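Structure, as structure tokens:
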């Protein structure tokens, strides 16, 4: 099996042949002439794509390998550490499928130390979370119904929020302070709540509608209804046709949400996601409302504490499986799912629901399948951290190794699929590479941060040969995302039998996306 040198650069020019020094040879005899390795047509095409002015003063790496044999077909800077953004989720998701398994389920329990007599629980009621990032209001309603069926009508004590299955570090290493209010940067807790079936755990949705006339306050609705977030509304209704300047943002360190600006008369409902400070209290408040709706009163207050040993379980809710979670996780690049999986792996393997413990588990899995983990650094599970560094070589090692795993098909199907407009099929690639040979062919993981774009995954070439690739770009000013797409189309169009057709790259002006689909709720 032949490999191109890992240090292949723009021209992929080969090394010089060794000088023969045969003992007893003639002094002054000329060494053998250096022999250049000829570039293939594919290498030439990829070189031409990467020789773009958008990379002046910035960095790019691209590795292309045969998915079956591992043979390297192209390698530019593949051993260089780069900031991968959400390509980090390739490491997290594969480790989770291996360590937790596709059938693993999260759960949420309701427990008590006192007995129920005559419909009364004479003591505290505990709501204990085990990391479920998919828990919805309806799940907490289901727990309340289980309590009602068990004969509970009154709790003569406090309602205790227990999220001790994870540590109390809520935000990841080096996460940006100015991202904190936004849905993709929610706090991580073992007891949490999602407002929707994208399962954006740790967030709530503020719905805004114009008033009945210009100058009237906006009409607001919180989903789900709760008493934790406090909304201050100074937003007004503008005249029809005026600009929409609505802004919804939570104050740092509090659960005060400020709604300001203006919406034009007649505008449709606007939905804005906001993160919640201390999401375990948010989840428990929603649970208390569900208890009230079922006719179960709680005399005390909501508090934080660990459930005492020996408490009896009164109700349990179970999540979808990890295998099923992969679809919203990877298709929509959900950061909170990644971090929950990391902490869960730490809790399951090392009895420590923390980032350091969970990342040790992720790193150990990567090492076990052949990744040189001494050359990479994982600082979180999602890639929000600016301290994550991986190489294209490491990413393609993971992609090749995953194909040998018994869970591969489910994981592969959960990756976004280029050019497929269905949201839970195409995911973050649904508007990219449409109507090209890469459409419904390329399965890949996107990555986006300011100055970072990445795309890694699988694509079959024109002959049906399965390839893996990893492309990461850092520190650019003008987005090279269209070059990623051109690389994907080139790989899908290439035949071993001939020159790949040129894939057009949009101009600098048209290459800028109006909305990055990896952050589409923030647009």
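Stretch residue 114-residue 478 to full length: gain in nm at 0.36 nm per residue minus the Cα-Cα span? Roughly 124.8 nm would be gained on extension. So how tilted is helix 335-350 from the main axis of the chain? Cα-based, degrees 0 to 90, rounded to 10. With both axes taken from Cα atoms, the answer is about 90 degrees.
On the beta carbon distance between residue 405 and residue 293, with R0 = 51 Å, the FRET formula returns roughly 0.70. If you bin all the Cα-Cα distances of segment 201-360 at 5 Å, starting from zero, the percentages per bin are 2, 7, 11, 13, 15, 15, 14, 9, 6, 4, 2, 1, 0.
Which of rounded, prolate, oblate describes segment 123-236, given a ≥ b ≥ c as roots of the alpha-carbon gyration tensor eigenvalues and a/c under 1.5 marking rounded, otherwise prolate only if a/b is larger than b/c? It is oblate, given that a/c is not under 1.5 and a/b is not larger than b/c.
Against the main long axis of the alpha-carbon atoms of the chain, helix 279-293 sits at an angle near 40°. For the pair residue 423 and residue 103, a Förster radius of 35 Å applied to the C-beta separation gives a FRET efficiency near 0.85, rounded to the nearest 0.05. Each principal axis of the Cα atoms in segment 208-266 has its own extent, and those three values, largest first, are 35, 21, 14 angstrom. Peptides 49-56, 426-433 ranked from most to least packed give 426-433, 49-56, packing being the mean of other C-beta atoms within 10 angstrom over each peptide's residues.
By DSSP, the beta bridges lying fully in segment 84-194 are antiparallel in about 55 percent of cases.
With a cut-off of 12 Å on the backbone N, the residues of segment 166-194 near the modelled label site 7 Å out from residue 387 along Cα-Cβ are 172-175.
Evaluated over the Cα positions of segment 358-483, the convex hull gives a direction-averaged projected area, one quarter of its surface, of 8.5 nm².
Mean residue ellipticity at 222 nm, helices only, the chain: -7000 deg cm²/dmol; runs of at least 4 DSSP H residues each add -39,500 (n - 2.57), and the sum is divided by the number of residues.
Sort the following peptides by mean Cβ neighbour count (other Cβ atoms within 10 Å, averaged over residues), highest first: 100-110, 365-375. Don't skip to the answer; put the middle values down first.
Values: 100-110: 18.6, 365-375: 15.8.
Highest to lowest by the protection proxy: 100-110, 365-375.
To the nearest ten degrees, helix 137-149 and the longest principal axis of the Cα atoms of the chain are 40 degrees apart. The simple Förster model, with R0 at 56 Å and r as the Cβ-Cβ distance, assigns residue 240 and residue 156 a FRET efficiency of 0.50.
Antiparallel as a % of all DSSP beta bridges within segment 188-295, to the nearest 5? Before the final figure, lay out each step's value.
Numbers: 16 of 23 bridges.
Taking every DSSP beta bridge within segment 188-295, about 70 percent pair in antiparallel fashion.
When only alpha carbons of segment 293-399 are considered, Rg and Dmax amount to 18.6, 59 Å.
No lab work stands behind these numbers, since they all come straight from the coordinates. Since the structure is predicted, the reported quantities are computational estimates derived from the model, not experimental observations. With ideal geometry, Cβ positions are generated from the backbone for all residues, glycine too; neighbour counts draw on all protein chains shown.
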